[in-house]
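Everything below concerns the one structure shown next.
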4 protein chains.
Amino acid sequence: MRTATGADGEAVTRQVVNRLRRVEGQVRGITRMVEEDAYCIDVLTQVSAASRALQGVALILLDDHMQHCLTEASRAGGAIQADKVREASQAIARLVQS
Amino acid sequence: MRTATGADGEAVTRQVVNRLRRVEGQVRGITRMVEEDAYCIDVLTQVSAASRALQGVALILLDDHMQHCLTEASRAGGAIQADKVREASQAIARLVQS
Amino acid sequence: MRTATGADGEAVTRQVVNRLRRVEGQVRGITRMVEEDAYCIDVLTQVSAASRALQGVALILLDDHMQHCLTEASRAGGAIQADKVREASQAIARLVQS
Amino acid sequence: MRTATGADGEAVTRQVVNRLRRVEGQVRGITRMVEEDAYCIDVLTQVSAASRALQGVALILLDDHMQHCLTEASRAGGAIQADKVREASQAIARLVQS
């Protein structure tokens, strides 16, 4: 991700990419279950698990964003900071409501 | 899905499979965004959209489940009905908490 | 609640009322924390706890609804059943999205 | 709240307190509905509304927290900043999972 430039940033990117690939595999597995007439409740259990996994990705991204973008903006202060905080707040709101 | 045997059931299956394929594509797109250093907030927006899409799938599955499995169990009554309602409640709880 | 007429129904009502009174107390406590300048993160922790408690109430109500209203409607079948399932689906959707 | 010291901070506190009082009234209303045997789906609709209102409060608190505490910590940098971001991340995680 753009603001994660050091070795730490690369580690976060790798972790997020790995988790997203796993979610992609989970979703493909759910599609197969539906096509093969799996029992609805078992399908739902897997959908909940994939949702939770996506949420985990979102929380890692948010943490990284606050650690980097948000703290940079804080040092800039003023309108830049206010804009960045508003942007982060809206992202959190979308996440909480999703 | 197992309990959706008629033409109606096939339509639900097709709709769910289509939506799941779209979610799979969304998740793949998010992976690419992360690999290409997209801005964290833009990535988060797409993660929220994929979450909402998965939730939409879950709600269709639940509706179909109540329409078929649950109503069948209700006609059976007694322990079968109680078991099926408990099972559905637990699936809803996992969904709400995910 | 209307469809819970026996001793079992009364037990559910009592349990739900007790939990709601506790949530009301939690919310009053949060108001006091905000008025007394408590640390934002501590306030947020209590808001999350009250949210989870409300969700617990919703899950009990849904379970009771499926156990009674929905199974009654299933025995009626046809349009009555379809209407009741749609109504329950919409309530679950509102809950999942809240 | 502690970090909202100016006129702006007082406005946020007043807004949050007003919203929390409204949530308290909503919860009391739901208790009455349950005691008076209201229809489960109507009760659930009100529970979802109260949940959404609580979430709104949480989002205001988080925004204020990022605007004040988090940006202060960012100026301090180092371990203080890292600790505060972790603390905020955990609060967001609890909120998303509630």
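Tabulated results
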| read-out | value |
| --- | --- |
| Residues located in the stretch A:46-65, provided they are crowded, with 24+ Cβ neighbours inside 10 Å and facing chain D (nearest Cβ under 8 Å) | A:ALA58, A:LEU62 |
| Residues satisfying the stated conditions in the stretch C:18-68, i.e. of a type in the set (Asp, Glu), assigned to a helix (DSSP H, G or I) and at pLDDT 95 or above | C:GLU24, C:GLU35, C:ASP42 |
| The one condition in (1) within 16 Å of the chain's Cα centre (by Cα); (2) part of a helix (DSSP H, G or I) that B:THR71 fails to fulfil | (1) |
| Checking A:LYS84 against (1) more than 7 Å from every other protein chain (Cβ to nearest Cβ); (2) without any contact (Cβ under 8 Å) to a residue 12 or more places away in the chain, the condition it does not meet | (2) |
| Residues being within 15 Å of D:LEU44 (Cβ to Cβ) and among the acidic types (Asp, Glu) - total across the stretch C:40-98 | 3 |
| Filtered residues of the stretch D:30-45 (kept if more than 8 Å from every other protein chain (Cβ to nearest Cβ) and either crowded, with 24+ Cβ neighbours inside 10 Å or touching a helix residue (DSSP H, G or I) at 6+ places or on another chain (Cβ under 8 Å) (or both)) | D:MET33, D:ASP42 |
| So A:GLU24, is it facing another protein chain (nearest Cβ under 9 Å), surrounded by 14 or more Cβ atoms within 10 Å (Cβ to Cβ) and farther than 21 Å from B:SER98 by Cα | no |
| Single residue of D:ALA79, D:ALA88 found to be closer than 27 Å to A:ARG75 by Cβ, surrounded by fewer than 20 Cβ atoms within 10 Å (Cβ to Cβ) and out of contact with any strand residue (DSSP E or B) (no Cβ under 8 Å at 6 or more places or on another chain) | D:ALA79 |
| Flag for A:VAL16 being over 14 Å from B:THR31 (Cα atoms), at the interface with chain B (Cβ under 7 Å from one of its Cβ atoms) and touching a helix residue (DSSP H, G or I) at 6+ places or on another chain (Cβ under 7 Å) | no |
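The values are calculated or read from the model by the stated rules, or taken from the named source; none is laboratory data. Small disclaimer: the values here were computed from a predicted structure and weren't measured. FYI the Cβ positions are ideal-geometry reconstructions off the backbone, even for glycines, and counts take in every protein chain you see.
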